[in-house]
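Shown next, in structure tokens, is the structure this report addresses.
The values are calculated or read from the model by the stated rules, or taken from the named source; none is laboratory data. Being a predicted model, the structure only gives us computed values, none of them experimental. All Cβ positions, glycine included, derive from the backbone under ideal geometry; neighbour counts span all protein chains shown. All accessible areas refer to the heavy atoms of the entire protein, side chains included, with ligands and DNA or RNA removed. Shrake-Rupley method; radii C 1.70, N 1.55, O 1.52, S 1.80 Å.
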Amino acid sequence: MTIHFGYNKGEVLQALRYHFISRPEIRIMLILVNVFALASITLYAFHKITPLAFLVGSFLWIVLMISFWFLLPGMVYRRAITFKHNFNMSFEEEGFTLGHERGSKSWPWKALKNYMESPHFFHLYFDSRSFLLVPKSGCKDRDEIYELRQLLKAKVRK
């Protein structure tokens with residue numbers, strides 16, 4: 001199976017949000033910060049903390065949410081030149097190949113540690129920090145998306 005694709009900025013930013021939120025350390029931190037925010041509003045409501053302490057806690061919560069939702073995905077998008085090019089990608093029994101006008105690179109399936117699916121992409125992870133975003137829009141139709149999903153399930157640990 002071969003697909004051809006380019007990247008849509010809005011979809012890539014959303015996929016990067018999924019990537020960051022799926023990281024266990026970030027997920028734990030977000031849960032802890034939300035518990036802290038709920039505790040601070042409860043303590044403020046019962047007049048156990050001052051308004052200044054509540055405002056500082058709320059400010060920290062807002063900064064954290066803005067950074068994970070807007071700043072980090074935006075920084076990654078601007079730094080990665082990859083999202084500005086068009087690619088073709090071939091999936092075969094032995095592995096997969098990513099091609100570009102300047103060349104191509106092939107990987108065996110065992111090079112992938114896992115994969116994740118988001119609404120617009122398949123995230124193919126080589127390790128916890130390096131991954132490829134494969135747009136579903138590169139597939140011809142839903143049947144080809146389904147076929148790619150089944151191939152990934154068979155070849156890559158989730």
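Per the listing 46, 36, the residue uniquely at pLDDT 90 or above and open to solvent by 60 Å² or more (accessible area, probe 1.4 Å) is 46.
Restricted to the stretch 65-75, and to residues that are open to solvent by less than 30 Å² (accessible area, probe 1.4 Å) and touching a helix residue (DSSP H, G or I) at 6+ places or on another chain (Cβ under 6 Å), which residue is farthest from residue 32 (Cα to Cα)? Per the criteria, the residue is 73.
Any residue in the stretch 92-99 that is open to solvent by 80 Å² or more (accessible area, probe 1.4 Å) and part of a helix (DSSP H, G or I)? No, that holds for no residue.
When the residues of the stretch 122-157 are narrowed to those that are assigned to a loop (DSSP other than H, G, I, E, B) and of a type in the set (Ser, Thr, Tyr), which ends up least open to solvent (accessible area, probe 1.4 Å)? Step through it out loud before you land on a result.
So in the stretch 122-157, the residues assigned to a loop (DSSP other than H, G, I, E, B) come out as 126-130, 139-141, 156-157.
Now drop any that are not of a type in the set (Ser, Thr, Tyr), which leaves 128, 130.
Values: 128: 63, 130: 46 Å².
So, considering only residues that are assigned to a loop (DSSP other than H, G, I, E, B) and of a type in the set (Ser, Thr, Tyr), the one least open to solvent (accessible area, probe 1.4 Å) is 130.
Contact map, the stretch 85-105: residues that are modelled with pLDDT of 90 or more paired with residues that are of a type in the set (Phe, Trp, Tyr) and open to solvent by 30 Å² or more (accessible area, probe 1.4 Å), Cβ distance under 7 Å, separation 6+ or inter-chain. Pairs shown: 95/107; 96/107. Among the candidates 23, 17, 102, 78, the residue that is among the charged types (D, E, K, R), more than 20 Å from residue 138 (Cβ to Cβ) and open to solvent by 80 Å² or more (accessible area, probe 1.4 Å) is uniquely 78.
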